[in-house]
Amino acid sequence: MKKITALIIAFVMIISLAGCGAGNGSEPAGEATSDADGSGVTQAGGSDGTQPAGTEGKKILTVYFSSANTAAVDAVSSATPSVKNMGSTEYIAVYINSKVGGDIAKITPVKDYPESYNGTLDAAKAERDGDERPEFRNLDVSPEDYDVIFVGYPMWWYTLPMIMYTFFDTYDFSGKTIIPFNTHEGSGDGGTYNEIREFEPDATVYDGLAVRGGSAEKSDEDIDKWLAGLGY
Amino acid sequence: MNSFIIKRCVDAAMTLVLFLLMAYQVTGGALHEWLGIAMTALVIFHNILNRSRLRAFGKGRYTPYRIALTVNDILLLLCFFATALCGISMSSHAVAFISGFLPSSVARAAHLALSHWSFALMGIHIGLHLPQMTAKAGKKVKTALLAVLFIFAAAGMFLLIKNGFFGYMFLQTRFAFFDYEKNSAVVIIENMLMLAFFVFAGTAAALIMKKSNKKST
Ligand SMILES: Cc1cc2nc3c(=O)[nH]c(=O)nc-3n(C[C@H](O)[C@H](O)[C@H](O)COP(=O)(O)O)c2cc1C
């Protein structure tokens, strides 16, 4: 009996110790590295504060999909951005755009998703199982005209929303730099950065930033750090 | 063949399949579904092999230990079959032809939470029965086993917290995190250690209940 009691006490102590290390909001994907073609070339933001060559004078676009039915312009012009009136991916996109400058565009589906969360979940699952390519409305910009494209999306059923497949099918980003970012509720980036590398084999695709949708508003610092690592 | 050997083989197979089921990023979707079907078959077979226990249900004296076993059995069966049902409804490979009888949003959330409950309950189930399985071993062997289990369980506890295991059980995390960068072997070993935590918890509870049972009689 004594032995067991001692073991249990030791155990409780370990549990409480381990508890101290728990809890995290977003998972920055660490060093911004890219090796799109497996050439071994790594592009990292200068950890010593130096800027990677040539971020200046490049045309930057932030383009994103988000489940909220708001327009990007509204989101940008609203005085205090909040996830109450915009999607979490939208919130991050607007924040990134405010830091890096350039243009911003929202990918809006031709056919709206259901209002309810569960309805959207079911619709998204059907799209994924059917390998569909839902159409999006004309963007106000032509993404291929930009040098650096920040691409944002929420995780949907462990991968990119199918509308993002349509997006990457539509444009050819050869020779451009793609910097992905995404929101999620647990599955991180789910290997989607590598998927994008497969869609755009001739683009340089950076490891992106995965942010918990629920803590999007608290992730400004993480985003700042990540952008600084990229040289922005 | 000796029914004891068959039982142990089925138990070992179930444990192995469990580790693989909890490693979705290693197996991928199709194999995951076939493994789920294999597990369902093994669970049914396991219950047939141990049908004497089912028949004894409600008969005889219920000691605290026996109550714990019974409650664990009932919860485990409920959680497991609910997990399987939700899995079947979401199937896009093995049994896709009968899928879709539940809304996928509900099936997904329930499958994720209940599979983690099933994992925990299976660990406790093994733990509760471990004293019986090792009854014939010597005292030294038993103590050594318990010590090793304790070390594994301690490591498992760290991993449970690191991987946010309880967040899945209580629907705090609504989607699973699959770390594709993590080595497959590491994923499986982590699952073993995490299971060890629940096995240890079950064994500790069983030993305490048996001790207090002896005293009171
Ligand atoms: C249809 C659908 C599917 C989702 N699938 C996942 C998933 O597989 N993994 C995950 O972590 N989160 C998933 N989520 C949660 C979203 O990624 C998360 O809530 C995100 O912050 C939503 O961004 P938004 O507000 O910009 O639309 C899903 C959400 C929806 C609506």
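Here are a few things to note about the model shown:
- Set B:104, B:91, B:52: member being more than 19 Å from the chain's Cα centre (by Cα) and under 23 Å from residue B:167 (Cβ atoms): B:104
- Taking the criterion of being among the acidic types (Asp, Glu) and either touching a residue at least 40 places away in the same chain (Cβ under 8 Å) or near the ligand (Cβ under 9 Å from one of its atoms) (or both), the only residue of the range A:187-197 that qualifies is A:189.
- Across the range A:173-202, the qualifying residues are those that are over 18 Å from residue A:88 (Cα atoms) and aliphatic (A, V, I, L, M), and the one among them that is farthest from the other protein chains (Cβ to nearest Cβ) is A:178.
- Subset of the range B:156-208 (residues that are modelled with pLDDT under 95, away from the ligand (no atom under 16 Å from the Cβ) and acidic (Asp, Glu)): B:181
- Search result, residues across the range A:156-186 that are within 15 Å of the ligand (Cβ to nearest atom) and touching a helix residue (DSSP H, G or I) at 6+ places or on another chain (Cβ under 7 Å): A:156, A:157, A:159, A:160, A:161, A:162, A:180, A:181, A:182, A:183, A:184, A:185
- Residue within the range B:86-98 that is at pLDDT 95 or above and within 27 Å of residue B:186 (Cα to Cα) present: yes
- Between B:177, B:200, the distinction of being under 17 Å from residue B:20 (Cα atoms) and surrounded by 15 or more Cβ atoms within 10 Å (Cβ to Cβ) belongs to B:177 only.
- Residue A:116 more than 16 Å from the ligand (Cβ to nearest atom) and either under 30 Å from residue A:230 (Cβ atoms) or within 14 Å of chain B (Cβ to nearest Cβ) (or both): no
- Selection of first residues in the range A:118-137 that are farther than 16 Å from residue B:91 by Cα and of second residues that are among the basic types (Lys, Arg) and away from the ligand (no atom under 12 Å from the Cβ), restricted to Cβ pairs under 7 Å at least 6 apart or on distinct chains, gives the following pairs, ordered by first then second residue: A:134/A:111.
The values are calculated or read from the model by the stated rules, or taken from the named source; none is laboratory data. Every value quoted in this text rests on a predicted model; they were computed, and no experiment measured them. Quick reminder, even Gly has a Cβ in these numbers, built from the backbone with ideal geometry, and neighbours come from all protein chains shown.
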